[in-house]
Amino acid sequence: MARIKISNEWWTAPAEAENGRVILVTGRRDMENVMATGKYIYRVEVTWPYDGDDKGMPDYRTGRLMGEVHDAMAALFDADPSAAVMTGVYTGDGQRNWVFYACSLHIFQRKINEALASFDLLPLEFHAEEDPDWLEYREMRETEIPDGEE
């Protein structure tokens with residue numbers, strides 16, 4: 001089976017939480033070919049709640065650890081996208097939320113445990129649901145600021 005090409009182009013744009021705080025939205029571009037496979041039907045959200053500063057952002061130490069966790073997850077899933085693909089990251093209002101689309105929840109669970117095995121206990125929460133039409137991804141893409149409009 002041919003390996004699917006996964007875009008490594010990302011964009012970041014500000015969005016607003018219901019309480020008015022800024023949330024930085026980072027999304028992966030050009031996922032249409034992945035959506036078209038019809039295999040990635042589960043949306044998995046990995047959430048890290050934290051005590052934010054007055055703007056709802058993590059402190060330096062927490063942000064640095066979140067970066068290390070992000071890099072570990074990205075390295076594993078980018079190397080083996082047959083399990084899942086990270087499509088978005090939301091940071092602000094006291095939480096970081098990574099969004100993945102997965103083919104199998106069981107395989108995702110095994111892979112995420114593998115990616116995070118070197119870390120001590122992390123305050124992560126997991127939520128999964130079927131989203132075969134990629135509704136969350138499509139909604140996230142609406143926050144992207146087209147080139148030239150920054």
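Since every read-out is calculated from the coordinates, none of them should be taken as a lab result. Because the structure is predicted, anything quoted here is derived from the model rather than measured. Virtual Cβ from ideal backbone geometry, glycine too; neighbours counted across all protein chains shown.
Given the rule -39500 (n - 2.57) for each run of at least 4 DSSP H residues, summed and divided by the residues of the chain, what is its mean residue ellipticity at 222 nm, to the nearest 500 deg cm²/dmol? Could the numbers behind the result be given before it?
Working: 4 runs with 43 residues, N = 150.
Value at 222 nm, helices only, nearest 500: -8500 deg cm²/dmol.
Loop-only check: which trypsin sites (Lys or Arg not before Pro) in region 13-53 are DSSP coil with at most 13 other Cβ within 10 angstrom?
On the way: sites: 21, 28, 29, 39, 43; in loops: 21, 29, 39.
Sparse-neighbourhood loop trypsin sites (Lys or Arg not before Pro): 29.
In whole angstrom, how far apart do the alpha carbon centroids of region 78-129 and region 1-22 sit?
Between the Cα centres of region 78-129 and region 1-22 lies a distance of 14 Å.
Treat the chain as a sphere of radius equal to its Kirkwood radius over Cα pairs and apply Stokes-Einstein at 10 °C in a medium of 1.306 mPa s; give the translational diffusion coefficient in µm²/s, rounded to a whole number. Please report the intermediate quantities before stating the final value.
Details: Rh = 16.0 Å.
The diffusion coefficient I find is 99 µm²/s.
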